[in-house]
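Notes follow once the structure below has been shown.
The values are calculated or read from the model by the stated rules, or taken from the named source; none is laboratory data. Computed from a predicted model, the values in this text were never measured in an experiment. Here the Cβ positions follow ideal geometry from the backbone for every residue, glycine too, while neighbour counts run over all protein chains shown.
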Amino acid sequence: MMQSLVVREWGEIHLSKSDNKMDEENTIDRIFVNSSAFKSLAKLAESDDKQYRFLKFKKSTVLKVQNFVGVITTPDGTQIEILPKINKNKDSDEETAKKSRIILTKMLKVVNNLELLESTKADVQIKNQPLLEVLITLFLACADEIIKKGIRKDYHRIDEQEKFLKGQLQTHKQLNEPPHKQHLFHIEYDIFSPNRPENRLIHSALLQVLKWSKTNQNQKLAKHCLSLFDGVPHSDNYKNDFAKWSKNRDMNYYKEVLPWLKLVLNQQSPFTLKDKNAGISFLIPMEKLFEKYVAKMLHKKLSPKGYSIKTEPKKYLTMNPDAFQMKPDIAVCKDDKIVRILDTKWKLIDENATYCNGNNDKKKDISQSDVYQLFAYGKKYNIKKVVLIYPKWDKFSKSFSYRLEDELMLKIDPFDVEASLNA
């Protein structure tokens, strides 16, 4: 029997003492899984490949989730939804999960250009469904819209041998046939068929979400869509079919499904788990998602004022030879000149932090290495202000600054993720 669990970043996954009582103590920050699921997750935590470590051991029977969000399913069917740790307020676990799910889904929309349904009904679905089902619901709605507008067909050249004449006889091939094959005709003709790369990818994605979905509504719509793509083979090579995606104007109404296909078929997710038996593995580092989201929102805000945004502008810390490449998250430019360097950090800092003895902590939870990094950026890019951006929350709501040098200031800015979703 499938078990669905929800946990936040930095939450804990415990090995249940009894496989029959897994749900008794589950909270948004601590969940219990059976021995089979825990064993599968433990293997991932033990992996030598650091980029696959979204889990770490806290002790032998406890795993700690790192700053990744998404969905992971273990071979035994246990599905774990990992949500962002947006705040530390006193909402109930259910309300916290709803808020986190809405924020994460809309951030994905902005970063990946996903077309979400902007309606009250969609908001209710996002609140009350697990993240995986939300993504499936929105993808299926997009696929259904294509079906309503018409599945595009194209002409395909067929080259084969038949017992009848159709189209054009390929005389040079026919003359080279031995006598015992003279009754077969080498012919060439065109057929008007929906077998084209875009439709093959949609068919493959529909097959995938039908396996993943556990709700009757999504399964029913997926089967309906599949029946209408029945004449289209599934894609044998995602990469090639994505490369052949048509950009013709008559295919404009297909473009909204493209980012969904990349998401579903794991071409756009930063990585997928190597264990093919693990089911869906949609995992995104929250640090990277926050960086891209802030860059998109700043572009929207600053471009009307004549500024442009560059992400990860590259320079080298040393010359002769060029080495130790520097890649700040975001550069704000005016007339092609960099005027600000910004780095985003997905961390909840406390502007009123104190030491254990009660004295004020002047660092305010900010990492010293991050300040060193911004100082280097300011000097190397020869600018007067650098900015560290952290998510806004109850204990960090106002900007403050540090003077690094006479001509270099470090500003610490809160970014209101919730408010920006409505901007």
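For the range 101-145, a tally of residues being modelled with pLDDT under 85, more than 18 Å from the chain's Cα centre (by Cα) and among the acidic types (Asp, Glu) returns 2. For the residues ILE366, ILE330, ILE341, the requirement of being of a type in the set (Val, Ile, Thr), touching a strand residue (DSSP E or B) at 6+ places or on another chain (Cβ under 6 Å) and closer than 26 Å to PHE68 by Cβ singles out ILE330. Every test in (1) over 21 Å from VAL111 (Cα atoms); (2) basic (Lys, Arg); (3) modelled with pLDDT under 90; (4) assigned by TED's automatic domain parsing to the domain that holds ILE136 is passed by LYS255 save one, and that test is (1).
The residues listed here are THR272, THR215; of these, the one that is at pLDDT below 90, among the β-branched types (Val, Ile, Thr), surrounded by fewer than 20 Cβ atoms within 10 Å (Cβ to Cβ) and touching a helix residue (DSSP H, G or I) at 6+ places or on another chain (Cβ under 7 Å) is THR215.
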